[in-house]
Each structure stands twice: as structure tokens, then as C-alpha cells.
């Protein structure tokens, strides 16, 4: 099966990682959605990629971790995308879980760099337990110590290893972490036949990021990836259950 992830929701159609972006992705009948989580000053799980507010609202300075949830909910992050989204605010993970169909796989990336959110793993696992969603999520991070903490807290949860450096043998590195990984998520530039073959031999699925060109997607599917992270609805809406029509025909 090819399983493609809507990266931060449908971020070309609505402000990234917001509820409207999730709604747009759902309208494309996606099989999976990726989002990012951090902690607010008062330890709420907030869905946002950057650790700094500057890209979302030029009038709000500083780090998101230094704001309470109440303060964050007063910040408009929609207008920077389009006036039609004026008033849209960052969402909590609970708000996303409330609206997300249970049959959509949710990839939750813990954003722990450069600033570490102490205790985020425990808060995240408890939230997913409260929503009975621990069995249908994939938790990933570039912070591999964070993944180790998640594994101790949740022995059976699916974990994905994000890689942003060119390692000599990334599949060996992944194996040596002893995390019982479900998948590895390499940069698209690192993804080749050998990486895919060796990762599959260890039981890991391979989901490269971020694949926005149809030509690149078709090449990756042909060499055996299990899916991709994409900002392009033409790609992430195409999750396939068989070997037919694995590539997208360019008209």
C-alpha cells in the first residue's frame, strides 16, 4: 500500500497546521495527515511547526513556548495566509483529535529543537490515551532521545524516525537505536534504492519528505517507497491499496 501524508494538513489551501488546513485535507479523502506539536507555557499541546511566532503573525514576537494557551488563542495566524482566514488561531491537539476521523492515520511530530519541551512526551501519550487514539498514530521526531522517552511510556505505539543528516548507513543507525521503529522518514534527497531495500529488510517502511513534484513522486514510488509527505493535494490525496496506478499520470 502507498500511504501519502498531507504535510501540516493541506497547507497550500489553508494556513498550515490549523483546523481549516486539516478540514481541507480531509476533503481530499486522505489516508494520513502529518502535524507538529509543541507545548505552551502552561503545558497544553499546541499544533504548530516553528518555535517562533514571527512567520505566523509579524506583530507577535518571541517563542511560542513562552505564551499561555489563552494568549496564543488571541493571535491571528490566518491573515498572513489570506484575508479570508482572518481570525484563525493555532489549534490544540485536542481540537484536531475532536474533528479528525478515526480512520485517518495521524503522524504527530514532536518539535523539540532547538528548544526542548520538557515533559512533552508524557503529556502527548496521556492525551492520546484519553482519546483512545494511541493505536492509530505515528509519532515521529528529529529528537531521537524524545522517541526513546515515548517508547518507554508507550511500548506499542508506532514510531517514525526523522532523518535530516546524510548518514553513511541510516538503516544501521535506525536499527541500533533499538526503538522497534515502524518507519524511517528520510529527506527526499537521501532516498535511494539501497536505503529503501535495506530499510525494508529490517521491517521499516520508508516515507520521504517533502515531495511536491509529481515527477519526483513517481520516481520514488517506482523504486519502492511506502508513501511520502507532501504539500501537493495531487500527491497526498493518492493513497493506493494495490500495485495498479501507483504513479500519477501527467496530463
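Quick note: the coordinates plus some simple rules give every number you see, no bench work behind them. Treat the numbers as computed from the prediction; the structure is a model and nothing was measured. So basically every Cβ, Gly included, is an ideal-geometry build from the backbone, and we count neighbours across all protein chains shown.
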statement: Taking Cα pairs closer than 8 Å and at least 6 residues apart, the relative contact order of the chain in percent is 21
field: Gyration tensor (Cα) of the stretch 109-227, equivalent ellipsoid semi-axes in angstrom
entry: 26, 15, 14
message: Just to confirm the number: angle between the C-alpha axis of helix 144-153 and the first principal axis of the chain, 0 to 90 degrees, nearest 10?
response: 80
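What share of the DSSP beta bridges in the stretch 33-139 is antiparallel, in percent to the nearest 5? Intermediate results must be reported in sequence, preceding the final value.
Numbers: 6 of 14 bridges.
Of those bridges, close to 45 percent are antiparallel.
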- prompt: Distance in nm between label sites at residue 210 and residue 156, each 7 Å beyond Cα in the beta-carbon direction?
  reply: 3.4
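Suppose a student asked you for the relative contact order of the stretch 57-108, using Cα pairs under 8 Å spaced at least 6 residues apart; what percent would you report? It would help to have the intermediate numbers written out before the result.
Details: 33 pairs, mean separation 12.4, N = 52.
It comes to 24 percent, rounded to a whole number.
Using DSSP, restrict attention to beta bridges with both residues in the stretch 5-236 and report what percent are antiparallel, rounded to the nearest 5.
Values: 6 of 32 bridges.
Expressed as a percentage, antiparallel bridges in the stretch 5-236 total about 20.
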Helix 120-130 vs. the chain, principal-axis angle (Cα, 0 to 90°, nearest 10): 90
statement: Packing-ranked peptide list from 78-89, 45-56, highest mean Cβ count within 10 angstrom first, is 45-56, 78-89
field: Cβ-derived FRET efficiency at R0 25 Å, residue 28 paired with residue 218, nearest 0.05
entry: 0.85
query: Efficiency by 1/(1 + (r/R0)^6): what FRET value for residue 145 and residue 123, r their Cβ-Cβ distance, R0 = 22 Å, to the nearest 0.05?
result: 0.85
